[in-house]
DNA sequence: AGGGCTACCTGTACGC
DNA sequence: TGCGTACAGGTAGCCC
């Protein structure tokens with residue numbers, strides 16, 4: 001579910017509803033996630049205010065007005081919902097109460113996590129220290145890609161690695177490479193300058209379109225009743241194995257392969 | 001050092 | 001209907 005556009009959407013949603021609200025209560029319902037939810041988190045949250053929620057790659061960062069910060073990763077199935085009712089759902093992990101409503105972190109597969117840091121240390125924590133540039137920032141540019149020419153990996157593996165560029169995942173890598181017309185198994189070092197340019201251009205285009213649509217929903221992922229996740233209708237290759245390519249219109253040109261244990265979709269005619 | 005593979009966990013879809 | 005298997009958008013830590 002959550003790659004950069006989805007996390008960006010969640011961030012915007014949380015900022016809209018939680019900013020400047022005082023947290024009145026907090027409760028850990030199920031501490032078990034990728035890492036155990038720190039037990040002292042409730043005490044630190046209560047009576048604090050969220051000054052800002054930001055995003056770095058696929059990570060959410062909650063800055064509090066008490067010199068603490070919370071780092072959150074949604075994993076595969078993590079999501080936040082806002083509710084005025086106190087009804088619990090299966091796989092709810094953390095409840096945060098604000099005036100008349102509560103925000104709830106739910107995660108079916110428990111690959112997500114919620115960690116606590118001092119605000120001054122959060123951006124240098126092990127999770128964020130080594131990750132690559134934001135793909136929509138000016139730091140993700142042609143000279144950055146050229147500098148990384150030593151990387152002996154396929155272009156898809158390169159884009160998937162968070163230390164190379166932060167926030168791209170399995171869906172958007174397939175989509176970006178389809179848009180670029182580049183074969184996902186092509187060695188990154190063998191790309192020509194014009195192919196680097198294509199990747200940069202397609203990355204900006206695809207991510208901006210997806211953010212505009214509120215991200216991609218494939219399963220039943222949603223936030224509260226917000227109308228988000230409509231990028232699914234815009235996917236050109238992902239999950240289209242054995243179907244006709246939208247670009248070359250030939251039959252059965254979309255193929256599914258596996259790279260590093262993950263599925264990749266591409267057009268055998270359009271991507272070289 | 002830097003890649004590749006596997007584990008982590010639950011739900012769903014599909015074949016028999 | 002039920003059971004077994006494969007697969008699902010994530011990272012991290014091990015192994016080579």
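The values are calculated or read from the model by the stated rules, or taken from the named source; none is laboratory data. Bear in mind that the values here come from a model prediction, so they are computed numbers and not experimental data. Counting neighbours? That spans all protein chains shown, and the Cβs are built from the backbone with ideal geometry, glycine included.
Brief remarks on what is shown
- Region A:130-171 - residue that is touching a strand residue (DSSP E or B) at 6+ places or on another chain (Cβ under 8 Å) and outside any loop (DSSP other than H, G, I, E, B) and, of those, farthest from DNA strand B (Cβ to nearest atom): A:171
- Residue check for residue A:66: more than 25 Å from the chain's Cα centre (by Cα), touching a residue at least 12 places away in the same chain (Cβ under 8 Å), more than 25 Å from residue A:137 (Cα to Cα) and part of a loop (DSSP other than H, G, I, E, B): yes
- Search result, residues across region A:172-195 that are touching a helix residue (DSSP H, G or I) at 6+ places or on another chain (Cβ under 6 Å), more than 14 Å from DNA strand C (Cβ to nearest atom) and part of a helix (DSSP H, G or I): A:179, A:180, A:188
- Within region A:239-272, tally of residues that are within 15 Å of residue A:184 (Cβ to Cβ), away from DNA strand B (no atom under 16 Å from the Cβ) and in contact with a strand residue (DSSP E or B) (Cβ under 7 Å, 6 or more places away or on another chain): 8
- Residue in region A:23-36 that is out of contact with any helix residue (DSSP H, G or I) (no Cβ under 7 Å at 6 or more places or on another chain), more than 16 Å from residue A:105 (Cα to Cα) and not assigned by TED's automatic domain parsing to the domain that holds residue A:213 present: yes
- Selection of region A:71-88 for residues being farther than 15 Å from residue A:109 by Cβ and not in a strand (DSSP E or B) yields A:84, A:85, A:86, A:87, A:88.
- For the condition at pLDDT below 95, more than 30 Å from residue A:16 (Cα to Cα) and surrounded by fewer than 16 Cβ atoms within 10 Å (Cβ to Cβ), residue A:227 does not qualify.
The rows are residues; the columns are (1) surrounded by 17 or more Cβ atoms within 10 Å (Cβ to Cβ); (2) under 20 Å from the mean Cα position of the chain (by Cα).
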{"position": "A:235", "(1), (2)": "yes, yes"}
{"position": "A:239", "(1), (2)": "no, yes"}
{"position": "A:243", "(1), (2)": "no, no"}
{"position": "A:248", "(1), (2)": "no, no"}
{"position": "A:251", "(1), (2)": "no, no"}
{"position": "A:256", "(1), (2)": "no, no"}
{"position": "A:261", "(1), (2)": "no, yes"}
{"position": "A:267", "(1), (2)": "yes, no"}
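- Qualifying residue in region A:114-129 (condition: closer than 30 Å to residue A:271 by Cα and either crowded, with 16+ Cβ neighbours inside 10 Å or touching a helix residue (DSSP H, G or I) at 6+ places or on another chain (Cβ under 8 Å) (or both)): no
- Among the residues of region A:184-213, those that are out of contact with any strand residue (DSSP E or B) (no Cβ under 6 Å at 6 or more places or on another chain), more than 24 Å from residue A:143 (Cβ to Cβ) and in contact (Cβ under 8 Å) with a residue 40 or more places away in the chain comprise A:210, A:211.
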